[in-house]
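Have a look at this one.
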Amino acid sequence: FYPPLSAWLLTGLYWLVGQQADIAINLLFALCLLLGAVGMFGLGRALAGEVGGLLATAVFTISPHAAAQIYSRGSTSNSLALALVPLVAWMIWRVGERPSPTRIAFGAIAVALLMLSHTAVSLLLLGPLLLWGAVAVAAQPAELRRRWPVLAGMFSLGLAISAFAWLPALTEIQHTRYAAEAS
């Protein structure tokens, strides 16, 4: 029961570059850094202007944790999940700021992609992201603070889109050795 997104992307890149695995995996890691940088820039710019966006991007791209996932562990799924978290946080802020069907759809897709990237990371960070959603709504003027159902709908839609991957794992976990292996 491993989320498929990193394998799908790696396979697509593998075929795109003429079945050269070393180039494909390097492209995937570069894509992870780029995706995380875009998410951090958008979030930083929304919170602190252009300079904040550039600083947030720099901090993300040179962070030791991101570097360890890529250069030490070689973990495509962890790198992808870490790259998607800033994107989800940015989408949450944008939906809390001014909801629109397009923003809600992009936010739901970002949540779904996070759920399809890495089980432990996505489940571990789902709670803080929901808390971030509460902060995003609370930061709005008093007349706009009733937007929490919109964010809840965005999260629910993202979870529904990705349910084909996480729901079987959740319902069939008692038939696996997960508990024994995790302990």
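At 1.4 Å probe size, with the rest of the protein present, what percent of the exposed accessible area of region 38-183 is carbon and sulfur atoms? Write down the numbers at each step before the final one.
Working: 5490 of 7820 Å².
Within region 38-183, the accessible surface is 70 percent carbon and sulfur.
For region 1-70 and region 113-183, compute the distance between their C-alpha centroids and round to whole Å.
Each part's Cα centre sits 21 Å from the other's.
Same structure again: Each residue of region 155-169 in order: what ³J(HN,Hα) in whole Hz does its phi give by Karplus 6.51 cos²θ - 1.76 cosθ + 1.60, θ = phi - 60°, with x for Gly and Pro?
4, 4, 5, x, 5, 5, 4, 9, 4, 4, 9, 8, 5, x, 5
By how many nm would the segment from residue 159 to residue 120 grow when fully extended, if each residue of separation counts as 0.36 nm and the alpha-carbon distance is taken off?
12.6 nm
Next up: Counting only heavy atoms of protein chains, what accessible area per residue, in Å², does the chain have with a probe of 1.4 Å?
Value for the chain: 55 Å² per residue.
Now for a different question. Just for the Cα atoms in region 98-170, what are the lengths along the principal axes, largest first, rounded to whole Å?
So the three principal-axis extents are 41, 23, 15 Å.
Based on the Cα atoms of the chain, what semi-axes does the equivalent ellipsoid have, where each is the square root of 5 times one gyration tensor eigenvalue, given in whole Å with the largest first?
Equivalent ellipsoid of the chain: 28, 22, 15 Å, largest first.
Oh, and also: Return one quarter of the surface area of the convex hull spanned by the alpha-carbon atoms of region 20-109, equal to its mean projected area, in nm².
Averaged projected hull area, Cα only: 6.2 nm².
The values are calculated or read from the model by the stated rules, or taken from the named source; none is laboratory data. Quantities reported herein were computed from a predicted structural model and do not represent experimental measurements. Surface accessibility is based on the protein's heavy atoms, side chains included, excluding ligands, DNA and RNA. Shrake-Rupley method; radii C 1.70, N 1.55, O 1.52, S 1.80 Å.
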